[in-house]
Amino acid sequence: MPNRLPTTALGAAAAILLALTATVTFAQETAPAPLTDKPPPYDEGLIRISEILGAMHYLRDLCNGGEGSLWRQEMQGLIDAEQADDLRRARFIDAFNRGYDGFKAVYRTCTPAATLAIDRYMGEGERIARDIVARYGRQE
């Protein structure tokens, strides 16, 4: 069985990247940073997306995705766009590393289960990003 990602997953990859871009963009365009230390209400969703990006960074490379550091760059884009303070930034990075390390501990080769995990994480990341944009995005 070749280590090739199904076409549907590649479409999902494009969709999650677009949704993530929209999420990051709206975060910059919304109201100025709150005066409290309380994180924005969508923070847990972004933490989960960070974890998914870490998993994708490991799994897509393992399954010959040929994307190099794409997922790490997307993570950096999220951090930069959120202009996170040190504590929040550390939470994003910890989640990314947790996603990466969790799959690295289990998978040494691309398996059907790894490919299925990619498909599921793509779908979950896309849903979370879409939900955040729909719920908290700027309304014109």
Next item on the list: May I ask you to verify whether G65 is modelled with pLDDT of 55 or more, out of contact with any strand residue (DSSP E or B) (no Cβ under 9 Å at 6 or more places or on another chain), under 29 Å from T109 (Cβ atoms) and not in a loop (DSSP other than H, G, I, E, B)?
Entry: no
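Within segment 110-131, is even one residue in contact (Cβ under 8 Å) with a residue 12 or more places away in the chain and on the phi > 0 side of the Ramachandran plot? Full working, then the answer.
Start the filter on segment 110-131 by keeping residues that are in contact (Cβ under 8 Å) with a residue 12 or more places away in the chain, which leaves 110, 112, 114-115, 117-119, 121-126, 128-131.
This time we only want the ones that are on the phi > 0 side of the Ramachandran plot, so: none.
The answer is no, given that none of the residues of segment 110-131 is in contact (Cβ under 8 Å) with a residue 12 or more places away in the chain and on the phi > 0 side of the Ramachandran plot.
With respect to E126, is the statement that it is among the charged types (D, E, K, R), in contact with a helix residue (DSSP H, G or I) (Cβ under 9 Å, 6 or more places away or on another chain), surrounded by 20 or more Cβ atoms within 10 Å (Cβ to Cβ) and over 16 Å from E44 (Cβ atoms) true?
Working: among the charged types (D, E, K, R): yes; in contact with a helix residue (DSSP H, G or I) (Cβ under 9 Å, 6 or more places away or on another chain): yes; surrounded by 20 or more Cβ atoms within 10 Å (Cβ to Cβ): yes; over 16 Å from E44 (Cβ atoms): yes.
The answer is yes for E126.
Answer with yes or no whether A113 is among the small types (G, A, S) and within 17 Å of P41 (Cα to Cα). Explain how you work it out, then say what you get.
Numbers: among the small types (G, A, S): yes; within 17 Å of P41 (Cα to Cα): no.
When the stated conditions are applied, A113 does not pass them.
If I filter segment 99-108 down to residues being more than 12 Å from the chain's Cα centre (by Cα) and surrounded by 14 or more Cβ atoms within 10 Å (Cβ to Cβ), which single residue comes out as nearest to P40 (Cα to Cα)? Give the derivation first.
So the first thing to find is which residues in segment 99-108 are more than 12 Å from the chain's Cα centre (by Cα), and the list is 101-108.
Narrowing the set further to residues that are surrounded by 14 or more Cβ atoms within 10 Å (Cβ to Cβ) leaves 102-104, 107.
Details: G102: 27, F103: 29, K104: 31, Y107: 34 Å.
Going through the qualifying residues, I end up with G102.
Might you check whether a residue that is among the aliphatic types (A, V, I, L, M), crowded, with 19+ Cβ neighbours inside 10 Å and at pLDDT below 95 occurs anywhere in segment 25-39? If you could, list the steps in order and put the result at the bottom.
As a first pass, look at segment 25-39 and keep what is among the aliphatic types (A, V, I, L, M): 27, 31, 33, 35.
Keeping just the survivors that are crowded, with 19+ Cβ neighbours inside 10 Å gives 27.
Next, from what is left, pick out any that are at pLDDT below 95: 27.
Yes, segment 25-39 contains a residue that is among the aliphatic types (A, V, I, L, M), crowded, with 19+ Cβ neighbours inside 10 Å and at pLDDT below 95.
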Check: Looking only at segment 45-57, which residues are surrounded by fewer than 23 Cβ atoms within 10 Å (Cβ to Cβ) and more than 9 Å from the chain's Cα centre (by Cα)?
Finding: G45
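The values are calculated or read from the model by the stated rules, or taken from the named source; none is laboratory data. These numbers come from a predicted model, not from an experiment. Heads up, the Cβs are rebuilt from the backbone with ideal geometry, glycines too, and the neighbour counts pull from every protein chain shown.
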